[in-house]
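J.: Sending over a structure as structure tokens; questions will come in a sec.
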Amino acid sequence: MPAPLPCTALRWRCDPESLPFETTADIEPVAGVIGQESAVDSLRFGLECGAPGQNVFIRGLTGTGRRTLVRRLLEQMQPCCDSKFDRCYVHNFAQPDRPSLITVPAATARTFRRRVHELAEFIRDDLTNALDSDALKARRDSLEKREKAEVEAITQPFERDLRAASLALVTIQLGPVAHTTIFPVFNTKPVPPEEFEQLRTQGRITEVEYDAFLERREAFQKRLEDVTGRIREIRRKHAQSIQSIVEETARALLGDMAREILKDFPGEDVRRFLSEVVDDVAENRLGGDGGVDPVEMYGVNIVLEHEKDGKCPIVIEGNPTILNLLGTVDREWGPRGTVRSDYRMIRAGSLLRADGGYLILDAREVLTEPGAWRALVRTLKNGVLEIVPPELSFALVTTALKPEAIPVKIRVILLGDSSLYYLLDAYDADFPHLFKVLADFDNEITREPEGVRQYAGVLARIARDESLLPFHKSAVAAVIEHGARIAARRGKLTARFSRVADIAREAAFLAKKAGRGAVLGEDVRSAVARTKARADLPSRRFREYLADGTIKVQTKGSVVGQINGLAVISAGPLTYGFPARITATIGAGSAGIVNIEGQAQLSGAIHTKGFHILGGLLRHLLQTDHPLAFSASLAFEQSYGGIDGDSASGAEICCLLSALTGIPIRQDLAITGAIDQVGHMEAIGGVNEKIEGFFDTCKDLGLTGTQGVVIPLSNAGDLMLRPDVVVACGEGKFHVYAADTVHEALEVLTGVPAGQRGEDGLYPEGTILAQAVEKAREYWMKSLYRPEVVVEEEGSEGVEEEGTA
């Protein structure tokens, strides 16, 4: 029978005197990730490898602050970035609803915008004056003289013939239109045809003269139409010549300015934009701007600009909605209630801001935002960013704007847990091709001198960054011990520094409130106790129920078919243990072993599996030459919620054997541990909390000096019990036993040898298992006299584990 574990095995202690400093003010703060060499190496590969699809999925590293932690790691690695560009949008003259993209070198977008703005201001303010130059006026005068000469060459012979025929050309203004017609001449003056008609009526001209006028006018009217057409053509050509001179001069002026810009920004997209600006001005703006401000029409909207420092952009998107990832197009309301947008209203999202660098996202947050995951995958897959993708076209239909897609080069770092990783890998065909690098961050680090040193460095960094009091070495030792408690594994410390940092901050608060100059170990221990006390209402309520007898748990005496199992409940990151009374009854029958929790559908899958393993172990231990012909039932008494896990299967097999043999089990002991089908006790979780939960129950009901807990031997190295429990064990008031097999656990719980089979296959007489075999035979013999009873098999389902209640 195993002896109680010594006090030194119940809690690992970090000796403050082993720390080579007095306070954290004496040491260098540690930045970055601690004890994650393999994960950091994977992350570094993903960051530095330029091959396609080498985006990174960081698995693990749960807890707040992980995005900041990854960013700090990126800054520490300082990856070089040589593919940064500034991105701008400008007006698209051919398709105004599809703004054109301009790409310029990093840190030059503002210069480009200023140069284009100067060009637009010149067009608005100075171009008209520049076109009024003496040289241009001289060319216009020359063209006008040539036009006049050409017109006179046509009109003078015609007018001469008209005079000879007593006719004259007269121009009549009909509203905005000037009309040229032929009038007769009377007394050397042209008179309208109507007046000439009256002269005939008055007898001042003869009928012959009037008829001769009509004949002459008819003849000259055809010549007039021909002359008028020729003059119109001359004047049209003259206007074109004038316009060509003005356009030529404007293109020359603007072309010179555009070429100066192209010297510094020689890109094809810039050349095309400036050419379109010059064409638009020459073709549409020389006769007036049409109410359009050239500064607005020809402006530049910078949507992305970088510093010219060689550093890669590192973007953390905390709210990865589809709009925050892709960007947006703003809208404005017109005076008549219309909605409009243009290139100036395009805004960048985090995918564009991370162009040429790294984007850190939480996988769960991306997946919960409608459309965000699809947009992210499409951008990574195609290498281009659509600010208004197809799925947003309906929502933004009023904008009628679709900016040109932007080629992007982004390395995405997704933070998630194992379940999300396997989910994406199984159901998204693109995921394994886009996120080829897996960086597994462990939640534990090795408990060795280097790990201890790094813990101290983390506390030094927290104290420096948050202006906290320095931590005395006793406080550092207490924090390290708490890290070992959270890890609850042999030789390990927790890597969840967010929890450690919270304890450190509260300890610093307590030390400052007490007026101390440094944080001491007692401040850390107080912070740990206060943290647990704030969330221990369920635990306190359970202890009250135990004390007043509402919940029945015995901590004294011995009872057949009753055992104290141990379960845990969680409150956020904190876990509390408590005893759970398990009972077993048995009798002749064919129902097998019935799991009452399973029958009531309160048993989880793992608990059910453990219960079936219990049946297999029972067959292995008894190995009778006849069928097992009894009915047994197991139940968690006064448990009204679901139960899952297999940590109670060790207690259940012991309780069942007690009911079968009639050997009582000590009620001053509790047991936790899983089992296999050959009788080994297997490790479970929450071992510290379970031991402390039973200790608190015994303390409330009265310590007797014989009470204790049986745990699996494989959990013995995980112990980090509370100091008060360790003290009680040192004083002999409480005990912790470590059992490697069910046989050892039975001996501790009953005080009776469990028994091992001899060479003859039989157990020694008087042992627990020998009595169990004999009782099983008795039940079988009884079944022989009851023909209606069939040979039973292990019946139901149901098995328990970490006994969550």
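J.: Mind counting the residues in the stretch 100-157 that are in contact with a Gly (Cβ under 7 Å, 6 or more places away or on another chain) and over 13 Å from residue 302 (Cβ atoms)?
T.: The number of residues fulfilling the criteria is 1.
J.: Same structure again: Could you grab me the full set of residues in the stretch 1-46 that are more than 17 Å from residue 477 (Cβ to Cβ), open to solvent by 30 Å² or more (accessible area, probe 1.4 Å) and not small (Gly, Ala, Ser)?
T.: Scanning the stretch 1-46 gives 1, 4, 5, 6, 7, 28, 29, 33, 37, 41, 44, 45.
J.: Would the stretch 616-624 turn up any residue that is buried (at least 20 other Cβ atoms within 10 Å of the Cβ), in contact (Cβ under 8 Å) with a residue 12 or more places away in the chain and under 51 Å from the mean Cα position of the chain (by Cα)?
T.: Just the residues of the stretch 616-624 that are buried (at least 20 other Cβ atoms within 10 Å of the Cβ), to begin with: 617-618, 621.
Those still in the list that are in contact (Cβ under 8 Å) with a residue 12 or more places away in the chain too: 617-618, 621.
Still in the running and under 51 Å from the mean Cα position of the chain (by Cα): 617-618.
Scanning the stretch 616-624 turns up at least one residue that is buried (at least 20 other Cβ atoms within 10 Å of the Cβ), in contact (Cβ under 8 Å) with a residue 12 or more places away in the chain and under 51 Å from the mean Cα position of the chain (by Cα).
J.: What do you reckon, is residue 138 surrounded by 13 or more Cβ atoms within 10 Å (Cβ to Cβ) and of a type in the set (A, V, I, L, M, F, W, C)?
T.: Criteria not met by residue 138.
J.: May I ask you to list the residues in the stretch 93-117 that are assigned to a helix (DSSP H, G or I) and either free of Cβ contacts under 8 Å to residues at least 40 places away in the same chain or open to solvent by less than 80 Å² (accessible area, probe 1.4 Å) (or both)?
T.: 109, 111, 112, 114, 115, 116, 117
J.: Being surrounded by fewer than 18 Cβ atoms within 10 Å (Cβ to Cβ), closer than 28 Å to residue 700 by Cα and at pLDDT below 85: is that true of residue 641 here?
T.: Answer is yes for this residue.
J.: Quick check on my filter: what residues within the stretch 359-388 are within 13 Å of the chain's Cα centre (by Cα) and under 26 Å from residue 309 (Cα atoms)?
T.: Result: 359, 360, 361.
J.: OK, next. Going by the conditions given, is residue 771 part of a loop (DSSP other than H, G, I, E, B), surrounded by fewer than 20 Cβ atoms within 10 Å (Cβ to Cβ), polar (S, T, N, Q) and touching a residue at least 12 places away in the same chain (Cβ under 8 Å)?
T.: Judged against the criteria, residue 771 is not a match.
J.: Kindly establish whether residue 230 is modelled with pLDDT of 80 or more and more than 24 Å from residue 114 (Cα to Cα). I'd like the intermediate steps shown before the answer.
T.: Numbers: modelled with pLDDT of 80 or more: yes; more than 24 Å from residue 114 (Cα to Cα): yes.
So residue 230 fits the description; yes.
J.: Follow-up. I want to confirm something. Restricting to the stretch 733-753 and keeping residues that are open to solvent by 30 Å² or more (accessible area, probe 1.4 Å) and part of a loop (DSSP other than H, G, I, E, B), which single residue is nearest to residue 524 (Cα to Cα)?
T.: Within the stretch 733-753, the match that is nearest to residue 524 (Cα to Cα) is 733.
J.: Further, regarding this structure: Test each condition in (1) of a type in the set (A, V, I, L, M); (2) farther than 30 Å from residue 415 by Cβ; (3) in contact (Cβ under 8 Å) with a residue 24 or more places away in the chain for residue 529 and report the one that comes out false.
T.: Here residue 529 clears every test but (3).
J.: Right, another one. If you check residue 299 against the conditions, is it modelled with pLDDT under 90 and surrounded by fewer than 21 Cβ atoms within 10 Å (Cβ to Cβ)?
T.: Working: modelled with pLDDT under 90: no; surrounded by fewer than 21 Cβ atoms within 10 Å (Cβ to Cβ): yes.
The answer is no for residue 299.
J.: May I ask you to list the residues in the stretch 493-519 that are open to solvent by less than 50 Å² (accessible area, probe 1.4 Å) and not in a helix (DSSP H, G or I)?
T.: Selection gives 493, 494, 495, 518, 519.
J.: Here's something else I'd like to know. Is there a residue being in contact (Cβ under 8 Å) with a residue 12 or more places away in the chain and within 36 Å of the chain's Cα centre (by Cα) anywhere in the stretch 545-552?
T.: Within the stretch 545-552, none of the residues are in contact (Cβ under 8 Å) with a residue 12 or more places away in the chain and within 36 Å of the chain's Cα centre (by Cα).
J.: For residues in the stretch 603-614 being open to solvent by less than 50 Å² (accessible area, probe 1.4 Å) and of a type in the set (A, V, I, L, M, F, W, C), which is modelled with the lowest pLDDT?
T.: Looking at residues that are open to solvent by less than 50 Å² (accessible area, probe 1.4 Å) and of a type in the set (A, V, I, L, M, F, W, C), I get 611.
J.: Does residue 185 meet the test of being more than 30 Å from residue 273 (Cα to Cα), assigned to a strand (DSSP E or B) and either among the aliphatic types (A, V, I, L, M) or open to solvent by 20 Å² or more (accessible area, probe 1.4 Å) (or both)?
T.: Taking the combined requirement at face value, the residue satisfies it.
J.: Yes or no: residue 553 open to solvent by less than 50 Å² (accessible area, probe 1.4 Å) and outside any loop (DSSP other than H, G, I, E, B)?
T.: no
The values are calculated or read from the model by the stated rules, or taken from the named source; none is laboratory data. Note that the structure is a prediction, hence the values are computed from the model and not measured. A quick note on method: Cβ atoms are made from the backbone with ideal geometry, for glycine too, and the neighbour counts reach across all protein chains shown. With ligands, DNA and RNA removed, areas are computed over all heavy atoms of the protein, side chains included. Shrake-Rupley method; radii C 1.70, N 1.55, O 1.52, S 1.80 Å.
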